[in-house]
Structure formats: C-alpha cells, structure tokens
Amino acid sequence: MTGLELRKKRQKIGLTQQDLANQLSISHTTISRWERGKTGPNRLYSCTVREFFEKFEKGGYDPVLQALENAPFDDEPLTDEDINALEEAHQSVEEGRILSDEEFRRRLLE
C-alpha cells in the first residue's frame, strides 16, 4: 500500500493520523512519514496496517476486543493495572477517542 493509499483509506473512515497511530501502537509522526513517502512500514507493520483495514472493511474490528485478544492470558487474576487499562480503553471508546465498531462501519459507508 502506498502512502497516498494509506492516507485515502484513513481519511475515508474519518481517522486522524493520531487515531490510526493509536490503533497501531505507533507514533503519529510515523504515520505522517509513511503517508508522505519519506519512509514505509516494515513487513510487520505492512501486515498490521493491511489487517487493520481488512478487519474494518469487514466490520470485524473492535479495539477493545482486539486488545483483549492480544493480551497474554493465564490463570492469574487480573491486576489493578489490567483493570485500569480495560477501563481506560472503554472510556476511550465512550469519549470517541477510539471509534467503536459500529462507528467505524458508519463512517466507512458514508
């Protein structure tokens, strides 16, 4: 995906560079460099970006569930830090800082 394609896809769903950077756990300056063609994502991030947009387009991207899927689970109970992180993620969705799955689809179809 070229930088221009990345920018168009990002803008189509109404994400800022910072929003996309947050979803990918990278800096917004990295997104900016990719979009301007100054640098490009390495193979890992190329796959991550592609998967992000594919999941979004299929309506299957949920930022909170994604975080839970990527979390290492074991038999240990959740720590206060884990609970705080989950509450913060939920609050981010509620405040519109991370778009809900439903909002992602709505913006895509606009």
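The values are calculated or read from the model by the stated rules, or taken from the named source; none is laboratory data. Computed from a predicted structure; not experimentally measured. Cβ: placed from backbone, ideal geometry, glycine included. Neighbour counts: every protein chain shown.
Among the residues of segment 8-58, those that are farther than 26 Å from residue 88 by Cα, buried (at least 18 other Cβ atoms within 10 Å of the Cβ) and of a type in the set (D, E, K, R) comprise 9, 35. Could you list, in sequence order, all residues of segment 1-46 that are in contact (Cβ under 8 Å) with a residue 24 or more places away in the chain, hydroxyl-bearing (Ser, Thr, Tyr) and part of a helix (DSSP H, G or I)? Answer for segment 1-46, where residues must be in contact (Cβ under 8 Å) with a residue 24 or more places away in the chain, hydroxyl-bearing (Ser, Thr, Tyr) and part of a helix (DSSP H, G or I): just 46.
Within segment 1-15, the set of residues being within 17 Å of residue 43 (Cβ to Cβ) and of a type in the set (Val, Ile, Thr) comprises 2 only.
Does residue 85 qualify as being in a helix (DSSP H, G or I) and at pLDDT 70 or above?
Working: in a helix (DSSP H, G or I): yes; at pLDDT 70 or above: yes.
Answer is yes for this residue.
Considering each of 66, 91 in turn, give the residue that is modelled with pLDDT of 75 or more and surrounded by 11 or more Cβ atoms within 10 Å (Cβ to Cβ). Break it down stepwise before answering.
Details: 66 fails: modelled with pLDDT of 75 or more.
Answer to the check: 91.
Per-residue answers, yes or no, for (1) farther than 26 Å from residue 83 by Cβ; (2) modelled with pLDDT under 85; (3) not aromatic (Phe, Trp, Tyr):
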residue	(1), (2), (3)
29	yes, no, yes
32	yes, no, yes
40	yes, no, yes
44	yes, yes, yes
48	yes, no, yes
57	yes, yes, yes
62	no, yes, yes
